[in-house]
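Structure record follows, encoded as structure tokens.
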Amino acid sequence: MTTIDKFLSDIQRTIKHDRANNGGHYDAKRACTQISQLFANNNRNLGSLAVSISDYWLNTYVFGSQDLENEPSEENIEKIKAFQNFCDSDEEADFSSLTSDDWETLRDFVDDEAENLDLDSLQNMMNLILQNGALS
């Protein structure tokens with residue numbers, strides 16, 4: 001099982017447990033907050049960068065959804081999957097779900113946290129940002 005497969009499995013487990021642990025009643029806001037925390041924990045080596053990315057996903061895509069009670073949507077799972085691949089510096093990953101605004105936000109987050117990142121992570125992330133046209 002790859003890192004991303006485990007992450008996606010953990011997302012599905014979080015959703016399932018939310019429903020099971022609450023008498024069959026699913027609370028999307030609670031489950032998505034847990035998914036956001038899962039993302040930050042999976043990437044704790046990136047410090048507050050991971051928290052910034054997970055908060056961005058939660059606030060922009062989940063809480064901004066027109067159908068909050070059915071989150072995370074497949075589209076938003078694809079977004080957080082792409083964010084995870086970004087944190088993993090996976091150059092082979094599919095980043096098509098990320099918009100130019102997402103890439104610019106990632107650029108700004110990485111720029112803000114650059115001094116706290118190890119050089120390899122910083123270099124790999126900046127390379128992905130460059131490849132996706134977010135460096136001006």
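For the reader, a short list of remarks on this structure follows.
- Full-stretch length increase - ALA20, ASP111 - with 0.36 nm per residue and alpha-carbon distance subtracted: 28.7 nm
- The share of accessible area on the chain that comes from carbon and sulfur is 43 percent, using a 1.4 angstrom probe.
- A simple count of charges around LEU130, restricted to other residues whose Cβ falls under 14 Å of its Cβ and scoring Lys, Arg +1 and Asp, Glu -1, yields -2.
- Inter-site label distance for GLN123 and LEU68 at 7 Å from Cα along Cβ, in nm: 4.4
- Solvent exposure of the chain as accessible area per residue, Å², 1.4 Å probe: 55
- The chain, dipole about Cα centre (Lys/Arg Cβ +1, Asp/Glu Cβ -1), debye to the nearest 20: 660
- Close Lys pairs in the chain, defined as Cα atoms under 17 Å apart and 8 or more places apart or on different chains, number 5.
- The helix-only estimate of mean residue ellipticity at 222 nm for the chain, built from DSSP H runs of length n ≥ 4 each weighted as -39500 (n - 2.57), is -19500 deg cm²/dmol after division by the residue total.
- Average Cα contact separation per residue, the range 1-111, under 8 Å, 6 or more apart, as relative contact order %: 25
The values are calculated or read from the model by the stated rules, or taken from the named source; none is laboratory data. In this text, all values refer to a predicted model and were calculated from it rather than measured experimentally. Please note: Cβ atoms are built from the backbone with ideal geometry, for glycine as well, and neighbour counts cover all protein chains shown. To get the accessible areas, we keep the full protein, side chains included, count just its heavy atoms, and leave off ligands, DNA and RNA. Shrake-Rupley method; radii C 1.70, N 1.55, O 1.52, S 1.80 Å.
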